[in-house]
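The structure under discussion appears below in the form of structure tokens.
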């Protein structure tokens, strides 16, 4: 599973991506394997059973920069019917304002407060952390929206910047390289420091395949340096804490986490006590068999939907 210089390329196939998640199960929440799932065509088929829909983004709302056909209209119908619809996404790379612009351009109408991201979860932790000099994995061209209050230095090829940092935060890996990864690993071996991971995803589905995400590099860091990162976002509970704070008192039995990944969306939803729905024709599995991986991982959703 080689990594190119700049990770927005197809580096992992489905089998490799699935194996990568299975290899780090010791760092993920426990799974539950319950009764047989219910197979349904799409989100419309859940309207009698579900009041609150928590939707992943990649593989549910969009693939890369393209909306999945028919989903903006389906989401709008749910909203018009009085269903509570929120986005719960491991989208750490985009400042929140830019992310809202993206969803609007794709045809979605979400309140900014109803888009809960792993970036928000990370920022919540940063605001509660002591003032530190942070080394930052992120894309400079996206700007410093949301992170301006913090002392952060973009990490590039200057080894000194790694050693000067008191802690690290990994938000986006679009411009991350093997050289930078080696510098970070070496610096952490010399002096262990906290590592905050704003996107636990190992991969993300895009138009031409899987891109490699910060979670991939974070797990490698842990294996190579012995420093266990702190993850923010699905499948970890911190992102759901923010979602529940926004939702207020809801019936968890009538609340569903909808996503395309067993190891982030479904596992995270289960750990939060929610119903879960796995999308099969888009995103991580993209039309491939899902029953084999469900059995292999021991992570079983309540529903399987062919499309969002």
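Readers should treat all values here as calculations from the given coordinates under stated rules, not as data from a laboratory. Because the structure is a prediction, the values reported are computed rather than measured. Virtual Cβ from ideal backbone geometry, glycine too; neighbours counted across all protein chains shown.
What the table below lists for this structure:
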| item | result |
| --- | --- |
| The chain: antiparallel DSSP beta bridges as a percent of all, rounded to 5 | 15 |
| Kirkwood hydrodynamic radius over Cα pairs of the stretch 227-308, then Stokes diffusion coefficient at 25 °C and 0.890 mPa s, in µm²/s | 185 |
| Relative exposure of 61, 40, 267, judged by other C-beta atoms within 10 Å (fewest first) | 40, 61, 267 |
| Under 17 Å from the residue 105 label point (7 Å along Cα→beta-carbon), backbone N, the stretch 141-183 | 141-145 |
| C-alpha center-to-center spacing [the stretch 230-244, the stretch 110-177] in angstrom | 17 |
| Rounded tilt (10° steps) of 118-128 against the dominant C-alpha axis of the chain | 50 |
| The chain: angle of helix 71-80 to the longest principal axis, Cα-based, in degrees nearest 10 | 70 |
| Fewest-first sequence of 176, 134 by Cβ atoms within 10 Å of each Cβ | 134, 176 |
| Net length gained if the chain between residue 98 and residue 230 were fully extended (0.36 nm per residue, minus Cα distance) | 45.0 nm |
| Theoretical gain in end-to-end length, residue 124 to residue 291 [0.36 nm per residue, Cα-Cα removed] | 56.4 nm |
| Packing-based exposure ordering (other Cβ within 10 Å, fewest first) of 179, 264 | 179, 264 |
| The stretch 24-98, relative contact order [Cα under 8 Å, separation at least 6], % | 33 |
| Prolate/oblate/rounded call for the stretch 124-183, Cα gyration tensor, a/c under 1.5 rounded | oblate |
| Spatial separation of Cα centroids for the stretch 259-295 and the stretch 38-95, in angstrom | 14 |
| Helix axis angle, 237-247 relative to the chain longest principal axis, alpha carbon, degrees | 50 |
| Helix-only mean residue ellipticity at 222 nm for the chain, each DSSP H run of n ≥ 4 adding -39500 (n - 2.57), per residue, nearest 500 | -9000 deg cm²/dmol |
